[in-house]
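J.: Have a look at this one before I ask anything.
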Amino acid sequence: MKKYEWMKNDTAAIMFSAIEGSKQSRIFRLSAVFKNEEIDPERLKKAVENIIPRYPLLMYRDVKGYYWAYLEKCDVLPAVLPEENRPAELRRLGRDGAPEIVFLYYKRRLSIEANHIYGDGTGFVEILKSVVAEYMVLGGADRADFDGVRFGDEKGSDEELENAFRRYATKEKLPKVKREESYVLPKSYVKDYQNYICGILPFGELKPLCKERDLTVTEFIASAMILAIIRTAKEPITKTVIIDIPVNLRQFFPSESIRNFTSPMPIHFNPQGRTDVTHDEIIEAVRGQLKKYNTKENQQAFINHSFAMTQSLAAQLILSIFKQWGMNAIQKKTHNSEMTVVFTNMGNIKMPRVMSDAIERFELVGGDARVYDMSVFTSAISVNGYMHIGFNYSTKDVSFCREFFRILASYGISVRVESSDENAVEAATEIAPKMCSECGVRIGEEYGKCPLCGSVPVKAETADSYFKTALYPQPYKPYKHIPRKKKNNIYDIDRFHAWFNMDPS
């Protein structure tokens with residue numbers, strides 16, 4: 001009889017698993033767009049096969065046990081598929097005994113879409129770099145040029161799979177960061193719809209603006225988001241606008257883990273009903289907030305609280321189905337009372353020179369905000385001197401996103417905007433550099449209208465020297481719900497142990 005293999009979720013994955021249903025996973029996407037090469041599906045399949053020995057976690061799927069969810073070993077490799085659906089489309093991964101991850105390709109874009117139960121963005125950046133490196137080596141690149149990249153045939157450390165929350169949690173009771181009640185963006189979801197809008201801007205134009213104002217890049221971006229929210233609100237805002245920033249805990253608590261190890265930190269501002277708030281006022285208020293809240297003591301408090309929630313006797317004894325209802329309610333209440341927008345900034349990604357020469361950009365899509373009962377997810381990732389800022393919507397109202405990019409453009413930053421929705425649908429008769437005179441942003445060369453406001457773009461004076469439009473498939477193939485294969489038969493002692501395990505992480 002084949003041995004039943006399973007592993008425990010990490011502490012954060014316990015909460016991610018709780019908000020999942022029969023038709024939804026907590027999906028996010030990480031992509032690499034090549035400069036000139038279209039993806040070869042067969043070579044990509046081989047590259048994925050090659051990295052699995054280094055990342056065995058990618059062979060597991062989420063299963064609901066009697067007391068806690070856990071990860072079950074699958075018999076099949078992650079799928080490599082042509083991209084047909086909307087970016088990070090809301091759906092259930094891990095069906096029919098398959099892992100909770102897929103690798104997608106379309107033209108020059110290579111994408112990973114995975115369930116957040118596996119790990120956070122830091123871990124998946126390493127996985128993406130591994131896939132790209134294996135893919136390039138299979139295409140003839142010299143492996144010796146990929147210094148610092150993890151290859152599949154290299155043995156990883158046990159630490160790469162550790163639950164770092166368990167490692168660093170202490171029994172010390174520390175006060176958590178207190179939050180005010182937050183303003184909530186209106187939610188007007190459109191069924192079976194998602195739209196991803198991204199802006200690409202030179203880091204060299206953004207960094208001096210931040211330095212002049214004594215702000216971190218994250219604080220400057222968050223301040224512009226706050227101003228955009230105030231300007232586009234239908235009524236004066238009297239509650240606190242909170243931009244929630246997931247922070248990498250590895251900066252205080254060293255770990256090589258590719259699993260989840262982040263905590264939420266707030267950047268906030270209360271306009272107190274004013275509609276004439278200036279950006280300078282917001283900047284003064286947010287300056288230093290990340291430094292104030294992102295301390296080792298506050299992060300230790302978060303680790304201790306998160307881990308303790310899963311270790312209490314009451315939490316152990318309650319059946320899984322009731323825990324799932326409770327944790328789901330807690331998650332949604334938190335996202336409707338303690339944060340306005342989630343903004344994930346992965347920072348500047350370093351790559352070997354050979355990879356930088358081949359890759360035009362990285363893209364990060366935070367997933368469908370409906371999973372958390374929110375209006376929009378925002379994310380950023382920087383590579384090769386450019387910052388890529390994305391907004392993922394399940395609504396047609398993109399006024400917040402439009403105003404945000406207009407604010408950046410008003411500072412003279414040459415923002416280039418693309419969209420998965422109006423993506424070369426109205427292809428121009430002339431492929432030429434374009435600008436939107438209404439929004440002040442540059443438009444991908446194959447767009448017939450501005451993705452932000454719908455205006456017909458005008459010819460730009462200068463061409464983009466670096467980017468080409470990274471097209472998405474049009475039209476999208478509608479996703480069809482497939483019933484998940486159930487494996488409830490407990491046929492050996494290992495499955496019995498997993499199913500009735502009372503220690504979740």
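J.: Would it be correct to say that Leu185 is within 22 Å of Phe377 (Cα to Cα), under 20 Å from the mean Cα position of the chain (by Cα) and hydrophobic (A, V, I, L, M, F, W, C)?
T.: yes
Residue by residue, here is whether (1) of a type in the set (A, V, I, L, M); (2) open to solvent by 30 Å² or more (accessible area, probe 1.4 Å); (3) under 30 Å from Arg231 (Cβ atoms) holds:
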{"position": "Ala144", "(1), (2), (3)": "yes, yes, no"}
{"position": "Asp147", "(1), (2), (3)": "no, yes, no"}
{"position": "Asp153", "(1), (2), (3)": "no, yes, no"}
{"position": "Asp158", "(1), (2), (3)": "no, yes, no"}
{"position": "Val177", "(1), (2), (3)": "yes, yes, yes"}
{"position": "Glu180", "(1), (2), (3)": "no, yes, yes"}
{"position": "Val184", "(1), (2), (3)": "yes, yes, yes"}
{"position": "Gln194", "(1), (2), (3)": "no, no, yes"}
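J.: For the structure I just gave you, tell me whether Asn9 is over 26 Å from Arg86 (Cβ atoms), outside any loop (DSSP other than H, G, I, E, B) and at pLDDT 90 or above.
T.: For Asn9, the condition - over 26 Å from Arg86 (Cβ atoms), outside any loop (DSSP other than H, G, I, E, B) and at pLDDT 90 or above - is not met.
J.: Being surrounded by fewer than 21 Cβ atoms within 10 Å (Cβ to Cβ) and farther than 18 Å from Ala164 by Cα is the filter here, so list the residues in segment 6-18 that pass it.
T.: Trp6
J.: Taking segment 109-142 on its own, how many of its residues are crowded, with 20+ Cβ neighbours inside 10 Å and assigned to a loop (DSSP other than H, G, I, E, B)?
T.: 5
J.: Please go through segment 49-94 and give me each residue that is touching a strand residue (DSSP E or B) at 6+ places or on another chain (Cβ under 7 Å), open to solvent by 40 Å² or more (accessible area, probe 1.4 Å) and in contact (Cβ under 8 Å) with a residue 40 or more places away in the chain, ordered by number.
T.: Of everything in segment 49-94, those that are touching a strand residue (DSSP E or B) at 6+ places or on another chain (Cβ under 7 Å), open to solvent by 40 Å² or more (accessible area, probe 1.4 Å) and in contact (Cβ under 8 Å) with a residue 40 or more places away in the chain turn out to be Lys73, Pro82, Leu90.
J.: Read through the list (1) touching a Phe, Trp or Tyr at 6+ places or on another chain (Cβ under 9 Å); (2) surrounded by fewer than 14 Cβ atoms within 10 Å (Cβ to Cβ); (3) of a type outside the set (Asp, Glu), then give the number of the only condition that Pro457 fails.
T.: Every condition holds for Pro457 apart from (2).
J.: Starting from residues that are within 30 Å of Arg406 (Cβ to Cβ) and touching a residue at least 12 places away in the same chain (Cβ under 8 Å), keep the ones in segment 292-311 and report whichever is nearest to the chain's Cα centre (by Cα).
T.: Going through the qualifying residues, I end up with Asn294.
J.: Moving to a separate point now. So, Gln289, is that one open to solvent by 10 Å² or more (accessible area, probe 1.4 Å), at pLDDT 95 or above and touching a His at 6+ places or on another chain (Cβ under 9 Å) or not?
T.: Numbers: open to solvent by 10 Å² or more (accessible area, probe 1.4 Å): yes; at pLDDT 95 or above: yes; touching a His at 6+ places or on another chain (Cβ under 9 Å): yes.
The answer is yes for Gln289.
J.: Condition first: out of contact with any Gly (no Cβ under 8 Å at 6 or more places or on another chain) and closer than 16 Å to Glu256 by Cα. Now tell me which residues in segment 129-144 satisfy that. Outline the logic, then answer.
T.: First, the residues of segment 129-144 that are out of contact with any Gly (no Cβ under 8 Å at 6 or more places or on another chain): 129, 131-133, 135-144.
Passing the criteria: only Lys129.
J.: Here is a list: Gln311, Gln324, Gln331. Which entry is open to solvent by 30 Å² or more (accessible area, probe 1.4 Å), of a type outside the set (D, E, K, R), in contact with a helix residue (DSSP H, G or I) (Cβ under 7 Å, 6 or more places away or on another chain) and at pLDDT below 95?
T.: Numbers: Gln311 fails: in contact with a helix residue (DSSP H, G or I) (Cβ under 7 Å, 6 or more places away or on another chain); Gln331 fails: open to solvent by 30 Å² or more (accessible area, probe 1.4 Å).
None of the other options fit; the residue is Gln324.
The values are calculated or read from the model by the stated rules, or taken from the named source; none is laboratory data. Everything numeric here is computed off the predicted structure, so don't read it as measured data. Cβ: placed from backbone, ideal geometry, glycine included. Neighbour counts: every protein chain shown. Please note that ligands, DNA and RNA were not included when accessible areas were found on the heavy atoms of the full protein model with its side chains. Shrake-Rupley method; radii C 1.70, N 1.55, O 1.52, S 1.80 Å.
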